[in-house]
Structure formats: C-alpha cells, structure tokens
1. Of 22, 41, 32, which residue is open to solvent by less than 20 Å² (accessible area, probe 1.4 Å), free of Cβ contacts under 8 Å to residues at least 60 places away in the same chain and not acidic (Asp, Glu)?
2. Taking the range 328-361, which residues are hydrophobic (A, V, I, L, M, F, W, C) and within 15 Å of residue 224 (Cβ to Cβ)?
3. Within the range 211-223, can one find any residue that is over 25 Å from residue 336 (Cα atoms), open to solvent by 20 Å² or more (accessible area, probe 1.4 Å) and of a type in the set (A, V, I, L, M, F, W, C)?
4. Looking only at the range 49-68, count how many residues are open to solvent by less than 40 Å² (accessible area, probe 1.4 Å) and within 10 Å of residue 113 (Cβ to Cβ).
5. Identify, please: which residue in the range 168-184 is assigned to a loop (DSSP other than H, G, I, E, B) and over 21 Å from residue 86 (Cα atoms) and is, among those, most open to solvent (accessible area, probe 1.4 Å)?
6. Looking only at the range 356-385, which residues are under 21 Å from residue 499 (Cα atoms) and assigned to a loop (DSSP other than H, G, I, E, B)?
7. Can you give me the ranges of the strands (runs of 3 or more DSSP E) entirely in the range 272-349 with at least 2 residues that are of a type outside the set (Gly, Ala, Ser) and closer than 25 Å to residue 388 by Cβ?
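The values are calculated or read from the model by the stated rules, or taken from the named source; none is laboratory data. Since this is a predicted model, take the numbers as computed values, not measurements. Cβ atoms come from the backbone with ideal geometry, glycine included; neighbour counts cover every protein chain shown. Just the protein is used for accessible areas: all its heavy atoms, side chains included, with ligands, DNA and RNA removed. Shrake-Rupley method; radii C 1.70, N 1.55, O 1.52, S 1.80 Å.
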Amino acid sequence: MLARVCSAAVNGIEAYPIEVEVSAGYGDTLIVIVGLPDAAVKESRDRVITALNSSGFKFSYGRTTINLAPADVKKEGPSFDLPIALGMLAASEQIETDQLDNFVCVGELALTGAVRPCKGVLPIAIRAKQDGKVGVLVPVENAAEAAVVAGLQVIPIQNLREATNFLEGQITIKPTRVDIAKIFDQPLDDDVDFAEVKGQESVKRALEIAAAGGHNLLLIGPPGTGKSMLAKRLATILPPLTLDEALETTKIHSIVGLLPTGLGLITRRPFRSPHHTASDAGLLGGNINPTPGEISLAHHGVLFLDELPEFKRSVLETMRQPLEEGKVTISRAAGTMTFPSQFMLVAAMNPTPDGKMPHESKSSPREIQNYLGRISGPLLDRIDLHVEVPAVKFREMTGDGVGESSAQIRERVIAARQVQQKRFAHKPKITCNARMATKEIKEFCALDEGTKELLKNAMADYNLSARAYDRILKVSRTIADLANSKNITSDHVSEAIQLRSLDRQLWA
C-alpha cells in the first residue's frame, strides 16, 4: 500500500514542502530511503523502527521504500522521523485516517517513541499556512513558535502514539495559542542601565544618535575607559521590534536552533558579540550546507566587535557588502543562499598597540600605523560615527550624581524612530535613516547654502570620501529628528562632522 504524509524543510530562511511517500510491499525485509537524504535522514530508519516497537506498533516486514519529494533537493536533519513513522503506519494499514493531507508533520523521534524538538519550525508553520493546510503537528517544545502564525492549528505532540491517536480521532488535543500582544507588552528586564555609567556624556550622546538612526559606531579609547560597558548598554535604549521584524528575527534563530524552549517570538533586538578569533564562516555563515552566521543572527539588532583590529582582516573585509546591502549571499557547491543582515555594527578598539593615546604611546609611529592599518579605509567609511572614549576623571567616578536612565534615553530614541517610520511609510525596505539610499538622501537631507558651505569645508579639511559625505548627511538627519526639527541646520551638520572626524585625526 502507498501512503503520503506532508512535511517541510528549510532552505535559507524560507521553508518548502516535502512529501514523504511510503510504499510497503512484499519481498525481502529492506527499508530504502531515497530523495537525496543526508546521513541524519538515513539514520531515521533505525530510530523509526525502534520507536515503532517501543510505541506498541508492529514493524512491517517486506520491502519498504520511502521517497522524500522533490527528489532533486538534498534533505538533512532528523525532523523527518515523525512523518516517516506515520507514513509507515499508514502504508501498513496500522492506522486509518484521512487527516494526513491536512497537517504538516515534523519532529525527531527518540527510541522510546517520544517526539523531540527540531529546528526551523516557525518558517515551516508559515509555509503550511501559505499552502492552505489546516494545521501542523510539532513537538511540544516547538509549539509556541509555530502558534505565532495566526489561523493555523498548532497541535503539540509528545510521542508517536499520541500523534496516531489524534489523527485517527481517538483523542482531542487542544491547539496551542499565544497572545502576540501580551508577548510584546512584557516589561523589559535589563541587568544593566545607563544610569550606572559615570561621566562619558559625549559617548552616551553618540550612542543615542546611533540607536535613533540605526548607525554604525566605532569606539576608540584606552583600556578601562568603559568601551565594552557602554556598548553592552546600547541594547537597553534600542526601540522595540515591529511584528514583521520580530518574525524575521525569530525565523533566523529558529533555523539555527538558538530559540529558547517555550519562547514563541523574539521581541528584543538581538545583541551578538563574537570573539575576535571568529572565522569567515562563523561571521557570515557557511559550511557545506550554508547556515546563518553572526551577522544574520544580529539581524535587526547589534553586532558588537570588541578589539576590532584583532579580527582577521579577511574576516572584516567580508562584512563590507552586508553592511552596504543589508544581506549576505553565500555560494557553495550545494547552492546559493541569501540571508538578511540588517544590523548595527558597533566596534571598540585601542588607539595604539599598547593601548595608550598616540601622544602617550611608547610604540613607534610605524607600529601604530601597522596596527591601525589592520582596518581598511573602505570599512571605516561604512562606519558612521567614530567616537573617542576618554578616561573617566576621578571626580566623576566618585561623584554622587546619577545620569539619565536607559528608559529616558529610549523614549527619545523611540520618538525619533517614529518620525522615521512616518517619513519612510511609502518605502517599506527603509526602516531607519541609516538605510537611506542616494535618492532618499537627496529627498530628505536638503541643506541651505550656509550649511552646504560648512560641509564643503569639512570635506576639504578632513579629506572625506563621497561615502563619508552621505554618512554625515544621514547622521545629521538623525540629529535633527532627535531635536524634532523638520530641517537640517548647521548645528546638526557640525555635530555630525565632529562625530565623523575623529578617525581622520587619529589615522593621520
């Protein structure tokens, strides 16, 4: 007898349907899995047989052929265990149901018959809804993320016997539901706050501008000045994710298997901080079957690179295209994958090899130049703000004064982002000022003659590139938004230039 079970797999960050066809016939006992299965899929044969026996079912002797269609796409992972088991039971007539076409089934089977969680359930649920399926049968641990998709019955399955009883109508399982509004309304529980930071008012201002416009930021200063501490607090002032952003971010974390158990939706912007020994594949994504890397895991959030010059130059150079285009394309023999990577790059570094400022350093000018030369000019041009982080004075460290809290700064950041959302309402691909292209810069960053002259002189004095010119205008637009100003004034451009010129002074 022939049986068919609907399943799905993930390609990039999107899912595509898989039909698990099972044919049970006569002949020597043999189970054959075809359809380009990888090693994990081939091993399903042994897991499924043991799970069937443990669940009280009979193993059907004879030749069993399992086809995973389409047959020209490589299948990987253990998520096909559950649909293969259901297909074998249906083909051997141990279960009778007409519900197999209505539900998409995914899940790994333990030898006891228990259903274990798997990766990529959210994109699979989205695809099931698009294909008009009634619902999905998923492991209990994955039910919350699948339930984010409205209008889809999400049936949490604990074991194989429970799945068969549900499909045959012997038991009723209450579909999992989540309240998305309630998830977004959960209060922020941050362990760190800007109110704890002593001094560094100019750096706090730069971080506020970066958060308000989604700008890239480079912090330069000696060790112990608080560069890493300040960068980690940036996450506390970022605006909340929109529903579309949250879904896209959750999909990426679900595919990689980093979604916490029971969490249906990521509502906080991610903050990723890879070690400086990270490889190209670790940062961009890759391997034989490309998976998202750190820059995609930081999508709609922050990628923090501490000790920037310690990263391999080849690794840093590979980020130039994602920084510009907001996506990364990985080509391998198995195919080409494109992952989203719209992130804020926040980096920290020492000004010299020994960590001191250039005029205090014992390093030779050549050593300093070689150290700074690890970061290329084109990469620096893609970083909007370059900020010096000075040592905190003793009076500031011992003072009783308390700075602004993260909540206060975040209110201004959210207000500025709301202005940008209205501005780009007819341009859905642009989410903040940092994402403006040349056309939008001309439309929304107009300057009067006096301000143009100021910017012209700054470009000549600091030898700024055309890309730096665009970056200054974007930052100026953000500063104007924070000031609730419709027009960009010379004060806004002057502040943007001051935040931009620091690298030119140090590199000179």
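1. Result of the check over 22, 41, 32: 41.
2. Hits for the range 328-361 are 348, 349, 357.
3. No, the range 211-223 contains no residue that is over 25 Å from residue 336 (Cα atoms), open to solvent by 20 Å² or more (accessible area, probe 1.4 Å) and of a type in the set (A, V, I, L, M, F, W, C).
4. 4
5. 177
6. Residues satisfying the conditions are 356, 357, 358, 359, 373, 375, 376, 382, 383, 384.
7. Ranges flagged: 302-305, 344-349.
Rundown of residues vs (1) farther than 30 Å from residue 390 by Cβ; (2) in contact with a helix residue (DSSP H, G or I) (Cβ under 6 Å, 6 or more places away or on another chain); (3) small (Gly, Ala, Ser), yes/no style:
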{"position": "153", "(1), (2), (3)": "yes, no, no"}
{"position": "160", "(1), (2), (3)": "yes, yes, no"}
{"position": "166", "(1), (2), (3)": "yes, no, no"}
{"position": "197", "(1), (2), (3)": "no, no, no"}
